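No value in this document is a laboratory result; all are computed from the given coordinates. What you see is a predicted model; the values in this text were computed from it and never measured. For neighbour counting, all protein chains shown are included, and Cβ atoms are generated from backbone atoms with ideal geometry for every residue, glycine included.
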Amino acid sequence: MRYNYLIVGSGLYGAVFAHEMTKIGRKCLVIDKRSHIGGNVFTENIEGINVHRYGAHIFHTSDKQIWDYVNSFVAFNRYTNSPIANYKGELYNLPFNMNTFYQLWKVKTPEEARKKIKEQCEKFTHITNPQNLEEQALVLGGEDIYQKLIKGYTEKQWGRPANQIPAFIIKRLPFRFTFDNNYFNDTYQGIPIGGYTKLIEKLLEGIEVKTGVNYFEHKNTFDIQAEKIVFTGKIDEFFDYCYGKLEYRSLYFEHQLLDIPDFQGNAVVNYTDHDTPFTRILEHKHFEFGTQEKTIVTKEFPHEYSTDNEPYYPINDAINQNILEKYQELSLSVPRIIFGGRLAEYKYYDMHQVIANALEKVKKQGHE
Ligand code: FAD
Ligand code: UDP
């Protein structure tokens, strides 16, 4: 066998796995069907600005080991995500905090805010165990927040009514009674100086990488070249959809170079109404405090997933979870294949979770 590991996918999972295995003397080949490395964290330098080609990526974690790990490859800046919501021309701070509550109701103290939210939630006290995102949001913040900041955005993003979306998704967002616009509660946060591609390049340094290669088109050739295969693509595709297709949500990104220095004064502005067809506009220079004369903005349009676009988000509802379990069961019959990452595990993972899982898997391999 030419390789110990064939790694399908050069995203964060594949790159971390390949790096760690190479470090302990294993021979790895990494392939990716895209024309570049990095998967969804890929950034591309245009006009001196690192453009997040596949949407805003902000690194955040409370795990010091993971923070030290990524910082050992590349320095991170002090970027703190604090998106603005635009609801029909009204601007609100996110996540939901005292600034938002003041903008909504002019309440000035946490006590006033709690009282107001209690009133807002009064109609929903019968919901004791929220079963979906709509119920969860109404119980958390009540009517106004749900109608202005959540419902429109959520239904565009997921392409279905909010009462058909899992409740856990809204719990990603902090809800706090302080004047703190930090979108995350984690201890560490930032963006790699020089872009995420630099991080991936460092991880893959000295490792054989082939881009523009689809594993499924050359499966037989690849399978005989490596002892084990790390697969980070879609688990349902791996098994030829034998139990049916898992659902994903896709996005269409419209990137524009503008001949002005500043478009919106913030890296992320969410459009939370129903009618605006996109969910957010990113202005990439603000992720890195750029002072260039031009700017690059990206509109994110949610989209049905089909074989012509990318499966960006798993839809972790009960129906898909059932299908997933069957594939997971089947995966036990192919011990030579390691399934890892957001697509192969079909989980709404952030970057730090994917890195932690890859490191954990490497450790386990050592004991097998
Ligand atoms: P991927 O990056 O998807 O990599 C999988 C790779 O496998 C891809 O490059 C793909 O081309 C390749 N591949 C698939 N099938 C094949 C095949 N058959 N043959 C060859 N190659 C194949 N996380 C955060 O922590 N903070 C954020 O702010 C954040 N924002 C996000 C915004 C968006 C719009 C999205 C979609 C995700 C965001 N994430 C964020 C999550 C983050 O992108 C993921 O956690 C991480 O990139 C997953 O890495 P991965 O290696 O599992 O998957
Ligand atoms: N969300 C919302 N309004 C917003 C931002 C987010 O209702 O202005 C909801 C929406 O359902 C979204 C979820 O919160 O899918 C998680 O948001 P996050 O910003 O974590 O999404 P991601 O960056 O992963 O797309």
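Summary of values
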{"item": "Extended-chain gain in nm, criterion 0.36 nm per residue less alpha-carbon gap, Glu360 and Glu44", "result": "110.8 nm"}
{"item": "Cut-off 15 Å between beta-carbons: net charge of the residues surrounding Phe287, Lys and Arg +1, Asp and Glu -1", "result": "-1"}
{"item": "Reach of Lys108 by Cα under 14 Å, taken over aspartates and glutamates that are not fewer than 8 positions away in the same chain", "result": "Asp180"}
{"item": "In order through the range 32-40: 3J(HN,Hα) via Karplus (6.51 cos²θ - 1.76 cosθ + 1.60), integer Hz, x for Gly, Pro", "result": "8, 6, 6, 7, 9, 8, x, x, 6"}
{"item": "Cross-link pairs beyond the 24 Å C-alpha cut-off, checked among Lys151/Lys234; Lys228/Lys361; Lys116/Lys148", "result": "Lys151/Lys234"}
{"item": "Check: the range 19-111 dipole with +1 on Lys, Arg Cβ and -1 on Asp, Glu Cβ, in debye", "result": "180"}
{"item": "Residue among Glu293, Glu20, Glu135 with the largest mean-square fluctuation in a Gaussian network model of the chain, springs linking Cα atoms under 10 Å", "result": "Glu293"}
{"item": "Degrees, to the nearest 10: 318-331 long Cα axis against longest axis of the chain", "result": "20"}
{"item": "Cα shape, the range 1-143, gyration tensor, a/c 1.5 rule", "result": "prolate"}
{"item": "Given Lys33/Lys210; Lys106/Lys156; Lys33/Lys202, the pairs whose alpha carbons are separated by over 18 Å", "result": "Lys106/Lys156; Lys33/Lys202"}
{"item": "All-pairs alpha carbon distance profile, the chain, 10 Å steps from 0, percent", "result": "5, 22, 31, 26, 13, 4, 0"}
{"item": "Restricting the range 184-250 to GluC sites (Glu not before Pro) in coil, as DSSP defines it, with at most 15 other Cβ within 10 Å", "result": "Glu205"}
{"item": "Zone residues, the range 280-303, relative to Tyr252, backbone N less than 12 Å from point 7 Å out along Cα-to-Cβ", "result": "300-303"}
{"item": "Shape category assigned to the range 144-245 from the gyration tensor of Cα positions, a/c cut at 1.5", "result": "oblate"}
{"item": "Listed residues Gly89, Val268, Phe278: farthest to the positive end of the dipole of the chain (Cβ charges)", "result": "Val268"}
{"item": "Between the range 291-368 and the range 89-121, the alpha-carbon center distance in angstrom", "result": "35"}
{"item": "Asn71 paired with His126, simple spin-label distance in nm, labels 7 Å along Cα-to-beta-carbon", "result": "5.2"}
{"item": "Mean Cα-pair separation over length for the range 1-87, i.e. relative contact order, pairs under 8 Å, 6 or more apart, %", "result": "21"}
{"item": "Acute angle (nearest 10 degrees) that the helix 110-121 long axis makes with the longest principal axis of the chain, alpha-carbon atoms", "result": "80"}
{"item": "Computed FRET value (nearest 0.05) for Lys171 with Tyr243, which takes r as the C-beta separation and R₀ as 25 Å", "result": "0.30"}
{"item": "Cα long-axis angle, helix 12-23 against the chain (0 to 90 degrees, to the nearest 10)", "result": "40"}
{"item": "Distance between the range 1-59 and the range 242-261 - C-alpha centres, whole angstrom", "result": "19"}
{"item": "Mean ellipticity per residue at 222 nm, deg cm²/dmol - from DSSP H runs of n ≥ 4 across the chain, formula -39500 (n - 2.57)", "result": "-8000 deg cm²/dmol"}
{"item": "Estimated inter-spin distance, Trp105 and Ser62, nm [label 7 Å along Cα→Cβ]", "result": "2.7"}
{"item": "3J(HN,Hα) from dihedral phi, the range 267-272, Karplus parametrisation 6.51/-1.76/1.60, rounded to Hz, x for glycine, proline", "result": "5, 9, 10, 8, 9, 9"}
{"item": "Residue order, fewest to most surrounding Cβ atoms within 10 angstrom, among Cys121, Cys242", "result": "Cys242, Cys121"}
